[in-house]
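Below: the structure, in structure tokens.
The values are calculated or read from the model by the stated rules, or taken from the named source; none is laboratory data. These numbers come from a predicted model, not from an experiment. No Cβ is skipped: glycine too gets one built from the backbone with ideal geometry, and neighbour counts run over all protein chains shown. Just the protein is used for accessible areas: all its heavy atoms, side chains included, with ligands, DNA and RNA removed. Shrake-Rupley method; radii C 1.70, N 1.55, O 1.52, S 1.80 Å.
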Amino acid sequence: MSHEYVLKPFTPEIRLNIDYPRELNEQQLAAVTAPPGPALVIAGAGSGKTRTLTYRVAYLLEQGIPADRILLLTFTNKAAAEMMRRVSDLLGHELRSLWGGTFHSIGARILRLHADALGYQKDFTILDRDDAKDLIKACMADAKIDKKDKHFPKPDVLNEIFSLAANTHKTVEELVDGQFSYFSQFAAEIADQQKRYHARKRATNGMDFDDLLALWLKLLQEHADIREHYQRRFQFILVDEYQDTNKLQGDLIDLLAARHHNVTVVGDDAQSIYAWRGANFANILDFPKRYPGAKVFKIETNYRSTPEILNVANAAIAANVNQFAKELAPARKSGVKPALVQCQDAGQQATFIAQRALELREESTSLNNIAVLYRSHFHALELQLELTRRQIPFSITSGLRFFEQAHIKDATAYLKFVANPKDEVSFKRLVQLIPGIGGVGAVKLFHSFTAKMANHTMLDAGPGMLDKNQAAPAAEHPAPGIQHLAKALQTCSKAVPKKAVVAWTQFVATISQLEADETRRSAAKMLRLIMDAGYDDYLKETYDNYARRLDEIQQLAEFAFQFGTVEEFLTQLALLTNVEAEEDPQDDTEKIKLSTIHQAKGLEFEVVFVIMLCDGLFPSARSTESNDGEEEERRLFYVSVTRAKNELYLCYPNMRAGFGASGMDTYQSPSRFLSEIPEDLLNKWNLR
């Protein structure tokens, strides 16, 4: 297949009259005015990375490079829009001919022009996640997978496996063997589903989000004329947040830059924190090896934080072996030393933060400029309760609100149902977790259950109380020792679809164990039993981030130990959930920001509290199993520290609610990261 291209003529040379030495510091200026060739710009936190990139674009335009010969790649639509806005501000007008946008948007643009070369029509549909899930469901139905084994991964999990395979250039078998080893017995079938899914997308003229990159790369690799066209067109390639690129994105950049080698990548290896979603740290670390002769520029002047905070930041990252050595230097005047706050327990930690936030508010620091950062959602539960009790407004910027997540609602539904058997919503949620029971079946079962609960005579009936001409099904005879609710559920078995009978029996047994006196008194024991009774398996089959969800339910159980009764626990969770639900995006009330560190990357606050700095929590227990994992966790700690502008509080509790039969509190070791910071850099606060 042949293709003809008409390239636009070179645009006239642009003169912007920018005084670069005056508007940029010495390190930024060196990167902005670098000669052609490969360049790696290590831009430390708060050092003006976006400013450097936009001025680089302006400089290239002034050197006579046509705008349509420049490719600017970013990760998010927000970052792309901000970058293009800043370029327009420098120029005094919009520059529509510049190829700027996210990797996926540029991929879609190129594929729209050349889809026919890959056997697609140019009006192909771009599938969102739900569309992809529906298509995978259809493939599973064709292969009759859903009837073969109930433990086969659900469509969402398959979609994640396929996505990781595309972005990491690994086979399905390699991924299953590594990250999804609990599906090893299904490796061949999962690989078959991947082939079916790809074939179905092609047949329906559809591409999913990952295809926008994978097929873009395939297009360039398999069609020399198209590859040469874009290698010639993009004379200069600039990449933002390069430390977050995955294997697929790295290969795309290398292929596009193979002719001119004029590729400038900007990032901070110390802020590479997304390996869990496929980011390839080696891309930035090995850039000088892949591009011999590449110039490395370091931008280390930080305009965000005080010198005292930067001293802690530099110490926090120093122990990492795999990094480009750098030293953040302050542009601001001296401030207060960061505080190391030792608390007795998580409750005291929450009390301290709430009180200090009120004091800061009195000192004219807006609550909007105060952030509490944590490694995992549940590290902030006690704090949420304390802020709610004190009526201190807060917002949660950690993605989906914690209690709206499906696995948390599933787990608490068991507790709600045992505490209140009339809870129709919880009953229906639980029974629909059973394969073979849908919405209509759940309604029938609830009506049957409530009828049985109302008829205590039937609950206690043995075979002698039945009509002599009526043969009672085996399930109508409750097993010896079965509890009150479980009896009613067992006598509902007539309404259970045949294919769900075995799972229903397990459900009845679980409810019987949950309502037993020794378990019913403890929300923590109930939650642990739920996991042991099979919900753990359900998480594996249903969610790609199974391990995180399992951790969160286990932490929910630990959190539950502090409550005297199940009802008290459920009441507090309901209060938290309702407070979150009442948040109004249009509300301009001052609010403390509560956020995971991953969500806070790229943000800055006047005051930052980093909490639960205990070994096993931060760093997480799983991360310390490998050197790479611990180093990424240390980079995450570095990111949390560098969010602070004026004040930083590093907090850890001595004790933590236990998780086990005793429910005893356990001693917590301070995070190993804290011991790596010289004592003279911190003010120690020991709360009593």
Legend entry - Radius of gyration and maximum dimension Dmax of the range 94-174, Cα, Å: 16.9, 57
Inset, instruction - For the range 210-263, evaluate the Debye formula with one uniform point scatterer on each Cα (no solvent term) and list log10 I(q)/I(0) at q = 0.23, 0.27 Å⁻¹, rounded to two decimals. - result: -0.91, -1.15
Legend entry - Only Lys, Arg (+1) and Asp, Glu (-1) charged, at Cβ; the chain dipole about Cα centre in debye: 980
Inset, instruction - State the answer as a single residue: which of 237, 519, 120 lies farthest towards the positive end of the charge dipole of the chain, with beta carbon charges of +1 for Lys and Arg and -1 for Asp and Glu, about the Cα centre. - result: 120
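Once every DSSP H run of n ≥ 4 in the chain is given -39500 (n - 2.57) and the sum is divided by its residues, what mean residue ellipticity at 222 nm do you get, rounded to the nearest 500 deg cm²/dmol? Let's see the in-between values first.
Details: 32 runs with 322 residues, N = 688.
That comes out to -14000 deg cm²/dmol.
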Inset, instruction - Work out, in µm²/s and without decimals, the Stokes-Einstein translational diffusion coefficient of the range 195-237 at 25 °C, 0.890 mPa s, Rh from Kirkwood over C-alpha pairs. - result: 208
Legend entry - Column: log10 I(q)/I(0), Debye, Cα scatterers of the range 36-78, q = 0.14, 0.27, 0.30, 0.34 Å⁻¹: -0.40, -1.19, -1.25, -1.26
Inset, instruction - Would you mind telling me the share, in percent, of accessible area of the chain contributed by carbon and sulfur at probe 1.4 angstrom? - result: 50
Legend entry - Normalised contact order of the chain, rounded percent, pairs of Cα under 8 Å and 6 or more residues apart: 18
Inset, instruction - Grab every C-alpha pair in the range 294-369, bin the distances at 5 angstrom width from 0 up to the longest one, and report whole percents. - result: 3, 12, 14, 16, 18, 15, 10, 7, 2, 1, 0
Inset, instruction - Apply 1/(1 + (r/R0)^6) to the Cβ-Cβ distance of residue 109 and residue 200, taking R0 = 25 Å, and write down the FRET efficiency to the nearest 0.05. - result: 0.50
Legend entry - Simple label model, 7 Å out from Cα along Cβ direction - residue 669 to residue 502, nm: 4.4
Inset, instruction - Above 19 angstrom, tally the Cα pairs of the range 265-319 and express them as a % of all pairs, no decimals. - result: 45
Legend entry - Once the Cα gyration tensor of the range 150-242 is diagonalised, semi-axes √(5λ) in Å: 31, 16, 11
Inset, instruction - State the Kirkwood hydrodynamic radius of the chain in Å, one decimal place, computed from all pairs of distinct Cα atoms. - result: 28.5
Legend entry - Per-selection metrics, the range 234-274 (Cα): Rg and Dmax in Å: 10.6, 31
Inset, instruction - Provide the FRET efficiency to the nearest 0.05 for the residue 604-residue 141 pair, computing r from the beta carbons and using R0 = 45 Å. - result: 0.35
Inset, instruction - For the range 37-188, build the convex hull from the C-alpha positions and give me its volume per residue in Å³. - result: 189
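Just the number please: accessible area per residue for the chain, 1.4 Å probe, all protein chains included, in Å². Don't skip to the end; give the middle numbers.
Details: 30390 Å² over 688 residues.
Per-residue accessible area for the chain comes out at 44 Å².
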